[in-house]
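Report on one structure; see the data block that follows.
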Amino acid sequence: MTRNVGVKESVSLQESCPPPDWMAGYSIVLVGLMGAGKTSIGRRMAARLGLPFRDADREIELAAGCTIAELFERFGEREFRDGERRVIRRLLSGDPMVLAFGGGAFMDADTRATVRREAISIWLRCRLPVLVRRVANRSHRPLLQGQDHEQVLQRLMTVRHPVYAEADIVVDCSDDSPETTTTRVLEALFDFRPPRRLSLALAGAGYDVVVGEDLLTSAGALLAPVLPQKRAVVVTDTTVAALHLPALLRGLHATAFETRTVTVPPGETSKSLASYGEVVDQLLAGGMERRTAVIALGGGVVGDLAGFAAATTLRGLPFVQVPTTLLAQVDSSVGGKTGINTRQGKNLLGAFYQPRMVLADTATLATLPQREMAAGYTEMAKAGLIGDAAFFTWCEANGAAVMAGDRDVQAEAILRACAFKAQVVGNDEREEKPDDGRALLNLGHTFAHALEAELGYGTILHGEAVAVGIGLAFRLSAALGLCAAADGERVIAHLTSVGVPAELAQLNRRLSAGRLIEDMHRDKKTRDGKLTFILARGIGQAFTRNDVPVEAVEAVLRDAGCEA
């Protein structure tokens, strides 16, 4: 995550200060143009943090036995960069330190990858006039010899600044004293909280789920390693565009991404053949190439629609999920399911298509209505109900904090839910196992899809339908003698406590058991004309049942308040 830090008046970290706990094992790398103060600031930072200091250029000269200028003259820049890469790799593989880079070192993609693994990078960003004054007496630098310093620095800014923007932290530096600037850099370092990552290992290609606050503003830095061509089309809806598109575009443009935007109406009605056709037409009309990425910014509807468009346009485009709802962050953005609805049912046209990365920015959750948050919470808690009873107990203890907006607790919840889903998906990526496997993620969904079809897509939120469906699934399990009735009551009580309706009566709608069962027979989970349900032997003990008697389902629905 990149944090931009402006001028601060307070100077509070002037004495020695051990690195924060989260930095254990990491070095600190300072990047920037010549004259940015990397060496002078780095020495002072190292002294205050109690870490050794190294200057990459000096280490290269010691290894080569000659100066940087002589290396350039003898071998040229290409050979110099190759040696620089090896020296930096060696330095960062050792104990933590503060390491000042030469101006061009961070431009090497392999070196940046090493830094991402081993260090926290800080860009000391300076304005051109400041740099020109500082390099006035540095004509010995190879890139400055015989050149107009201002023109050289301006060219370097144009080329290098979009790459420096991939650093974890950005600090704007001025003509303050080195001591004052060092304090401001340390303040930025101590304020920084790296995003949390979950790596999914799948049969096709793995990817990271990145969870943290304000990730939209650093999207370019996070996505550059997986989208090196830096061309993307953002697909979003009009509601999300007003709230979050400017921040995402700023984050992408900071690292020189070229972008276009495709906007669709909000709501489930956009998951249609008509909307899909319009999105594909707009993608192709803009001159899409096979390496141009599709970035889905929004909730599950946008993610499913944009993902299906990416999967099918030009036989597959790079795809990134940037979910902005809790439901999408814990469920639909992870696992690679994409698709649209048809008149015959929900998600009947789609593809399994994994993203290159998922960016879950917890700050976007602050813009959600409580109803949307509660609906998303259902899918999060579902992970515990399927196969992690301890996580459901955690949800009971922490659900109120999730709903109240505690960012740390939200990040923990998202990661735990995604980790469980990743484990399930990894064992059955394309939902091919006849029993259990990925199908377990459909706990409550047979009922839920029927409710959505009957009430109308968008009338009831997907998470609300799933909550009611989970309650009915546990009651059906109890009716079949598979689990205790108390388990279902516990589940319903908890979901209700966070504000999501978990019983049919809470929907305040007249429903027919017969019509709901007809909808279930049209669901894609039906096998050989028989209803398939995910049932439970208890909390955290879900399993697939392919021969559930229709009479038992009808009885549970009627007991819940449905008409015949």
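The values are calculated or read from the model by the stated rules, or taken from the named source; none is laboratory data. If you're wondering where the values come from, they're calculated on a predicted model, not measured in any experiment. With ideal geometry, Cβ positions are generated from the backbone for all residues, glycine too; neighbour counts draw on all protein chains shown.
Which residue is nearest to V29 (Cα to Cα), if the candidates are limited to region 163-186 and must be under 26 Å from the mean Cα position of the chain (by Cα) and assigned to a helix (DSSP H, G or I)?
Restricting to residues being under 26 Å from the mean Cα position of the chain (by Cα) and assigned to a helix (DSSP H, G or I), the top hit is Y164.
If the requirement is being at pLDDT 90 or above and closer than 21 Å to Y164 by Cβ, which of these qualifies: L62, L49, L91?
So the residue among L62, L49, L91 that is at pLDDT 90 or above and closer than 21 Å to Y164 by Cβ is L91.
For region 241-274: of the residues being more than 18 Å from the chain's Cα centre (by Cα) and without any contact (Cβ under 8 Å) to a residue 12 or more places away in the chain, which is farthest from P195 (Cα to Cα)?
A274
If a residue must be over 16 Å from the mean Cα position of the chain (by Cα) and of a type in the set (S, T, Y), how many such residues does region 187-213 contain?
0
Is it the case that some residue within region 246-261 is of a type in the set (F, W, Y) and in a helix (DSSP H, G or I)?
Scanning region 246-261, I find no residue that is of a type in the set (F, W, Y) and in a helix (DSSP H, G or I), so the answer is no.
Just to be sure I understand the filter: pairs with C-beta atoms under 7 Å, separated by 6 or more residues or on different chains, first member in region 468-479 and in contact (Cβ under 8 Å) with a residue 60 or more places away in the chain, second member crowded, with 24+ Cβ neighbours inside 10 Å and basic (K, R). Which pairs pass?
As it stands, the answer is I470/K382, since those pairs meet every condition given.
Quickly run through region 275-308 and pick out the residues that are over 20 Å from the mean Cα position of the chain (by Cα) and over 19 Å from Y457 (Cβ atoms).
Residues satisfying the conditions are V280, D281, Q282, L283, L284, A285, G286, G287, M288, E289, R290, R291.
From the list D55, D108, which residue is under 29 Å from the mean Cα position of the chain (by Cα), touching a residue at least 12 places away in the same chain (Cβ under 8 Å), surrounded by fewer than 21 Cβ atoms within 10 Å (Cβ to Cβ) and in the same structural domain as C173 (by TED's automatic domain parsing)?
The conditions single out D108.
Quick check: is even one residue across region 231-240 touching a residue at least 40 places away in the same chain (Cβ under 8 Å), in contact with a helix residue (DSSP H, G or I) (Cβ under 8 Å, 6 or more places away or on another chain) and surrounded by fewer than 19 Cβ atoms within 10 Å (Cβ to Cβ)?
Within region 231-240, not a single residue is touching a residue at least 40 places away in the same chain (Cβ under 8 Å), in contact with a helix residue (DSSP H, G or I) (Cβ under 8 Å, 6 or more places away or on another chain) and surrounded by fewer than 19 Cβ atoms within 10 Å (Cβ to Cβ).
For region 191-207, what are the residues that are touching a Leu at 6+ places or on another chain (Cβ under 7 Å) and not in a loop (DSSP other than H, G, I, E, B)?
R196, L198, Y207, listed by residue number.
Let's see how each residue does on (1) at pLDDT 95 or above; (2) buried (at least 23 other Cβ atoms within 10 Å of the Cβ):
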{"position": "P323", "(1), (2)": "yes, yes"}
{"position": "Q329", "(1), (2)": "yes, yes"}
{"position": "T338", "(1), (2)": "yes, yes"}
{"position": "K346", "(1), (2)": "no, yes"}
{"position": "T364", "(1), (2)": "yes, yes"}
{"position": "A390", "(1), (2)": "yes, no"}
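In region 420-441, what residues are surrounded by 17 or more Cβ atoms within 10 Å (Cβ to Cβ) and under 23 Å from the mean Cα position of the chain (by Cα)?
Listed by number, the residues that qualify are F420, K421, A422, V424, V425, E429, R438, L441.
Among the residues in region 139-150, are any touching a Phe, Trp or Tyr at 6+ places or on another chain (Cβ under 6 Å), in contact (Cβ under 8 Å) with a residue 60 or more places away in the chain, in the same structural domain as V31 (by TED's automatic domain parsing) and closer than 20 Å to P52 by Cα?
Looking for residues that are touching a Phe, Trp or Tyr at 6+ places or on another chain (Cβ under 6 Å), in contact (Cβ under 8 Å) with a residue 60 or more places away in the chain, in the same structural domain as V31 (by TED's automatic domain parsing) and closer than 20 Å to P52 by Cα, one finds none in region 139-150, hence no.
Restricting the search to region 366-388, which residues are among the basic types (K, R) and buried (at least 18 other Cβ atoms within 10 Å of the Cβ)?
K382
Among the helices (runs of 4 or more DSSP H) contained in region 40-148, which hold 2 or more residues that are touching a Gly at 6+ places or on another chain (Cβ under 6 Å)?
Per the criteria, 56-64, 128-134.
Quick one: T364 ticks every box in (1) farther than 25 Å from P225 by Cβ; (2) assigned to a helix (DSSP H, G or I); (3) of a type outside the set (A, V, I, L, M); (4) in the same structural domain as T217 (by TED's automatic domain parsing) bar one, so which box is it?
Every condition holds for T364 apart from (1).
In region 442-462, how many are surrounded by fewer than 24 Cβ atoms within 10 Å (Cβ to Cβ) and among the small types (G, A, S)?
Summing the residues that are surrounded by fewer than 24 Cβ atoms within 10 Å (Cβ to Cβ) and among the small types (G, A, S) in region 442-462 gives 3.
Listed here are the residues, each with its yes/no results for (1) in contact with a strand residue (DSSP E or B) (Cβ under 9 Å, 6 or more places away or on another chain); (2) β-branched (V, I, T); (3) outside the structural domain of K271 (by TED's automatic domain parsing); (4) crowded, with 17+ Cβ neighbours inside 10 Å.
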| site | (1), (2), (3), (4) |
| --- | --- |
| V152 | no, yes, yes, yes |
| E166 | yes, no, yes, yes |
| P178 | no, no, yes, no |
| G212 | yes, no, no, yes |
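For (1) of a type in the set (A, V, I, L, M, F, W, C); (2) within 14 Å of A296 (Cα to Cα), each residue gets a yes or a no:
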{"position": "S332", "(1), (2)": "no, yes"}
{"position": "K346", "(1), (2)": "no, no"}
{"position": "V358", "(1), (2)": "yes, yes"}
{"position": "P369", "(1), (2)": "no, no"}
{"position": "A375", "(1), (2)": "yes, no"}
{"position": "A389", "(1), (2)": "yes, no"}
{"position": "C395", "(1), (2)": "yes, no"}
{"position": "N398", "(1), (2)": "no, no"}
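Since I539 meets every condition but one in (1) touching a helix residue (DSSP H, G or I) at 6+ places or on another chain (Cβ under 7 Å); (2) in a loop (DSSP other than H, G, I, E, B); (3) at pLDDT below 95, which condition does it not meet?
The failed condition is (3).
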